[in-house]
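Coordinate-derived values only; no laboratory data. Remember, it's a predicted structure, so these values are computed and weren't measured experimentally. With ideal geometry, Cβ positions are generated from the backbone for all residues, glycine too; neighbour counts draw on all protein chains shown.
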Amino acid sequence: MSSGPLMVEVWMLSVDLLQEQKRSTSNDLMQTVTLIPGDGIGPEISTAVMKIFEAAKAPIRWEERNVTAIKGPGGRWMIPPDAKESMDRSKIGLKGPLKTPIAAGHPSMNLLLRKTFDLYANVRPCVSIEGYKTPYTDVNLVTIRENTEGEYSGIEHVIVDGVVQSIKLITENASRRIAEYAFEYARNNQRSSVTAVHKANIMRMSDGLFLRKCREVAENYKDVKFTEMYLDTVCLNMVQDPTQFDVLVMPNLYGDILSDLCAGLIGGLGVTPSGNIGANGVAIFESVHGTAPDIAGLDLANPTALLLSAVMMLRHMGLHDYGNKIQTACFDTIRDKKVLTKDLGGNSKCSEFTADICRRVQDLD
Amino acid sequence: KIKMCSFVRPFLLSVILTSMFSLLRSDPLLPPSTQQVHRDSLVCASQPPPAQYGGRHTVTLIPGDGIGPELANHVRELFRFCCVPVDFEVVNVDSTMASEDDINNAIMAIRRNGVALKGNLETNHNLPPSYKSRNNLLRTTLDLYANVMHCQSLPGVRTRHRNIDIMIIRENTEGEYSSLEHENVPGVVECLKIITRTKSLRIADYAFRTAREKGRTRVTAVHKANIMKLGDGLFLECCKEVASGYPEITFDSMIVDNTTMQLVSRPQQFDVMVMPNLYGNVVSNVCAGLVGGPGLVPGANYGEDYAVFETGTRNTGKSIANTNTANPTAMLLASCLLLDHLKLHAYANMIRRAILSTVTETRLHTADLGGQGSTSEVVQSIMKVKNFTVTF
C-alpha cells in the first residue's frame with residue numbers, strides 16, 4: 001500500500017536531518033552565505049577557505065554566485081539577478097578579488113555591488129600578525145570609512161578649459177549613519193574609544209557637519225570615549241606610535257588613505273581583512289588585494305586575507321567560537337613559519353598552507 | 001695742517017676698516033662650504049633679491065601660537081649669538097580675533113621685506129566658515145605656490161626606517177584648500193576642489209627644476225586619478241607634459257593610498273614627490289613621522305616674489321606650550337633655510353652643522369625623541385658646539 005514510499009521518505013528525511021546535525025558540532029543552525037569566488041586567484045583561495053571551514057565544522061552553507069555585470073532592462077548595468085536574490089536572502093556575502101575591466105563599458109564591479117546593496121560602511125580591523133614581521137608591532141586598530149559619498153561622489157565639471165572642479169558631498173544622513181555604526185561596532189567589540197578624523201580647520205562646513213553628527217551620536221554612547229583629531233596629526237602619530245589609536249571613523253577619502261596606511265603597517269593587502277556593511281542588514285566581507293593573474297591557477301596564492309575576512313564574517317554573525325578557532329589556527333601556522341606561501345616569505349603551496357591550517361583547526365577541537 | 005693730518009688718518013683708517021668689514025660680511029668673498037650634503041637652498045631665478053640695507057637684512061617674524069613664541073625667541077637668541085646680519089620685524093597675529101587686520105598687517109610686512117619666518121597660527125574649527133584659516137589666507141594672498149619639505153633620516157635619531165631621503169613638493173594654493181563650500185539644501189554640504197592647468201603646470205615645473213638643480217633622478221606624482229578622473233587627471237597630464245621637457249629625470253606616478261602603504265613599508269624607494277594640496281598634507285606628515293617626528297623637519301613656502309619659512313608639519317604644539325620641552329630643531333633648521341634664501345650660506349651651514357651635531361647627541365633629545373632634554377638646553381648646546389668664527 002501507500003505507506004511503503006511514505007516510510008522511505010520519512011527514513012530519508014531522518015537520515016538527512018541526522019547528517020545535518022553531524023555536520024555542525026553544536027546545535028547551531030546552518031546559515032547560508034553567498035560566496036563570490038571572483039577572478040584570478042579568487043577561485044583557489046575561496047576553495048581554501050571552504051576547506052578550512054569544513055575542517056572547523058562551521059555551520060555555514062555556501063552558495064556560489066557569479067557577479068559579472070549584465071545589461072538590465074533600460075540599458076543600466078546591474079549584477080545578475082540570481083546573485084542579487086541570493087544576497088538578499090542570505091544577507092551575508094564573502095567575496096574574492098574582482099577584475100576591473102578597462103574598456104568593458106561598465107563601471108567597476110565593486111562600485112556596482114556598493115550601489116546595489118547600499119554598502120555604506122567599510123570596516124578594516126588592522127591587527128599585527130605575530131610571525132609576519134613588519135617594523136610596526138602591537139598594531140590593533142579599526143578603520144571605519146564612509147563608503148558612499150564624500151570626495152568619491154564622482155561629480156566633476158570642467159568649468160572653463162583648464163579649470164576643473166570636483167565636488168565633495170557630505171550629507172547629514174550619511175554622516176549620522178556612519179557615526180552610529182562606528183559607535184555600535186565599538187560597543188559590540190569591546191573597544192574603548194572612537195576617534196573622528198577630519199580637516200575641519202580648512203573644510204569648515206563639510207567636515208564640520210561630519211564632526212557635528214559624530215558629536216551628536218557620541219552623546220548616546222557615553223560608555224565609549226570620543227575624540228577628534230586632524231587628519232595630518234593622525235598620519236603623523238600613526239607612523240610613530242600606532243598603539244594610541246583604537247577605532248577611527250572618517251569620510252571617504254581620508255578613510256581610503258588611512259585604511260591603506262594601516263594595512264601597510266601590518267604587512268600589506270595580502271593579510272588585511274575587510275568588511276562592507278550595508279543597509280537592511282546586508283554585509284559583504286572581502287579580500288582587498290588584486291586578482292594576481294600571474295599566479296592564478298598555480299596553487300601559489302595566499303588565502304590569509306580572504307580567510308581573515310571570513311573570520312570577521314563569523315564574528316559578525318555571532319559565531320565567535322568558530323571565528324576565534326580559525327583565526328588562532330591561521331596565526332599559529334604563520335607564526336610557526338614552516339609552511340608559508342611565497343609572499344609571506346616561505347616556499348610552500350597554497351594547498352599545503354591550507355592543509356596545515358585545517359590540521360591545526362581539527363587539533364584545536 | 002697738523003690738525004688736518006690728525007683728523008684725516010683716523011678717518012681714512014675707519015673708512016678702510018669699514019669697507020673691509022662690509023666686504024667680509026658679504027658672502028661672495030667667503031669660500032663656499034664644502035659640505036653640500038645638507039644644503040637646502042633653492043633660489044628661483046625669477047625671484048628678486050630680498051631687502052638689504054647697510055649689509056643687514058630685515059625679515060618678518062610671526063611668532064604664532066602655542067610653542068611659536070618661545071621658538072621664535074630662541075631663533076633670535078641664536079642669531080644674535082652668531083652675529084647673523086638679520087634684523088627681525090616682529091608682527092604679532094592674534095588668531096582669536098574675528099577681524100583680519102592682524103593677518104593683513106603681517107602680509108603687508110612680508111610684502112615689504114620679501115621673506116618671513118613664521119610659527120603656526122591656530123584655527124578654531126568650531127567657528128563659522130566666515131572665519132578663514134589665517135595660515136591659508138597668508139599662503140594664498142602671497143601666492144606661495146610651492147611647499148617644499150625635505151625629509152632625511154638623521155644619524156642620531158632612532159626610527160623604524162633608515163636611509164630616507166625624500167623631497168616633497170606640494171601645491172600650496174588650490175586643490176581641496178580652496179575653502180569654497182555651500183549648503184544648497186539643509187543637511188547637504190558641497191565642498192569644491194579646484195584644479196587648474198596653470199597652477200598644476202607651475203608646480204610640476206617647480207618640481208622638475210628643483211630635481212634637476214639638486215641632481216635628483218626621479219619624480220613621482222601622487223594622485224587619485226582613477227576616481228577623480230577630471231581633476232587629478234588634469235594634474236597628472238600637466239606633470240607628464242612637464243616631464244617630457246626633462247628627459248634625464250625619470251617620471252612615474254602612484255595612487256595616494258598605495259603611496260602611503262609603500263611609505264610605511266619601503267620609504268627608500270621615493271626620491272622627489274609632487275602632488276596637489278591635500279595629498280601633500282597627508283604624505284608630508286607621514287614622511288615627517290617616519291624620520292623622527294614634527295620636531296625635526298623644516299618647511300619652506302616659495303612663491304614668485306616671497307618666501308615664508310616654518311616648521312614642516314605646521315603644528316602649534318598647544319599642549320606643550322611654555323613648558324620648555326618643545327624640540328627647537330625644526331624651527332632652527334627653518335631659519336637656516338631662511339639664511340640660505342638670503343644667500344648667507346656660510347652662516348646657514350655653520351648653524352646647520354651645529355644643530356645636526358647636537359641632534360646626534362642622545363642625552364640632549366627632547367621628549368618627542370624619547371629623551372628628557374629641555375628646549376633651552378638644546379639651544380645652549382648648539383651655541384657651545386662650534387667656535388663661531390667666520391674664517392676666510
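Among the chymotrypsin sites (Phe, Trp or Tyr not before Pro) within segment A:253-358, not one is in coil by DSSP while having at most 13 neighbouring Cβ atoms inside 10 Å. Label positions at B:Val90 and A:Asp223, each projected 7 Å from the Cα along the C-beta direction, are separated by 5.3 nm.
Take every Cα pair under 8 Å whose residues are at least 6 apart in sequence, average their separation, divide by the length of chain A, and the relative contact order is 21 percent. Summing charges over neighbours of B:Ala116, with a neighbour being any other residue whose Cβ is under 11 Å away from its Cβ, gives +1 when K and R count +1 and D and E count -1. Charge dipole (Cα centre; +1 on Lys/Arg Cβ, -1 on Asp/Glu Cβ; no other charges) of segment B:143-223 amounts to roughly 760 debye. Can you classify segment A:50-204 as rounded, prolate or oblate using the Cα gyration tensor, where a ≥ b ≥ c are the square roots of its eigenvalues, rounded means a/c under 1.5, and otherwise it's prolate if a/b beats b/c and oblate if not? Oblate. Look at the stretch B:224-231: the mean tally of other chain Cβ atoms within 10 Å of its residues' Cβ atoms is 6. In chain A, helical runs assigned H by DSSP with n ≥ 4 each contribute -39500 (n - 2.57); averaged across all residues and rounded to the nearest 500, the mean residue ellipticity at 222 nm is -14000 deg cm²/dmol. The angle between the Cα long axis of helix B:345-359 and the longest principal axis of the Cα atoms of chain B comes to about 70 degrees, rounded to the nearest 10. Rounded to the nearest 20 debye, the dipole size of the protein assembly as shown about its Cα centre is 2100 debye, using +1 on the Cβ of Lys and Arg and -1 on the Cβ of Asp and Glu. Dipole magnitude for segment B:153-288: about 600 debye, using +1 per Lys or Arg Cβ and -1 per Asp or Glu Cβ, origin at the Cα centre. Here the contact order of segment B:205-286, divided by its residue count and restricted to Cα pairs under 8 Å and six or more residues apart, works out to 42 percent. Rounded to the nearest 10 degrees, the angle from helix B:231-243 to the longest Cα principal axis of chain B is 50 degrees.
Counted residue by residue at 0.36 nm each, then reduced by the alpha carbon distance between them, the extension gain from B:Ser374 to B:Glu248 reaches 40.8 nm. Counting, for every residue in A:253-265, the Cβ atoms of other protein chains within 10 Å of its Cβ and taking the mean gives 6. When a/c is below 1.5 the answer is rounded, else prolate if a/b is larger than b/c, else oblate, so apply that to the protein assembly as shown with a ≥ b ≥ c taken from the square roots of the Cα gyration tensor eigenvalues. Prolate is the answer for the protein assembly as shown, as a/c is 1.5 or above and a/b outweighs b/c. Among B:Met383, B:Met331, what is the fewest-to-most ranking by other Cβ atoms within 10 Å? Ascending number of Cβ neighbours within 10 Å: B:Met383, B:Met331.
Helix content alone sets the calculated 222 nm mean residue ellipticity of chain B: runs of n ≥ 4 DSSP H residues at -39500 (n - 2.57) each, divided across all residues, give -12500 deg cm²/dmol. Computed from Cα atoms, the angle from the helix A:172-188 axis to the main principal axis of chain A rounds to 50 degrees. Restricting the GluC sites (Glu not before Pro) of segment B:203-300 to loop positions (DSSP other than H, G, I, E, B) with no more than 14 neighbouring Cβ atoms within 10 Å leaves B:Glu248. A cut-off of 5 Å between modelled amide H atoms, ignoring neighbours fewer than 5 places along the same chain, links A:Phe226 with A:Val194. Distant-in-sequence amide contacts of B:Leu180, defined by a placed amide H-H separation under 5 Å and a gap of 5 or more residues or a different chain, comprise B:Leu192. Using C-alpha pairs below 8 Å separated by at least 6 residues, the relative contact order for segment A:229-365 is 16 percent. Among beta bridges identified by DSSP and lying wholly in segment B:177-285, the antiparallel ones come to about 30 percent.
Of the beta bridges in the protein assembly as shown, as assigned by DSSP with both residues counted there, near 55 percent are antiparallel.
If you take every DSSP beta bridge fully contained in chain B, what fraction is antiparallel? Give it as a percent rounded to 5.
50
Applying a DSSP loop filter and a limit of 14 other Cβ atoms within 10 Å to the trypsin sites (Lys or Arg not before Pro) in segment B:56-162 leaves B:Arg158, B:Arg160, B:Arg162.
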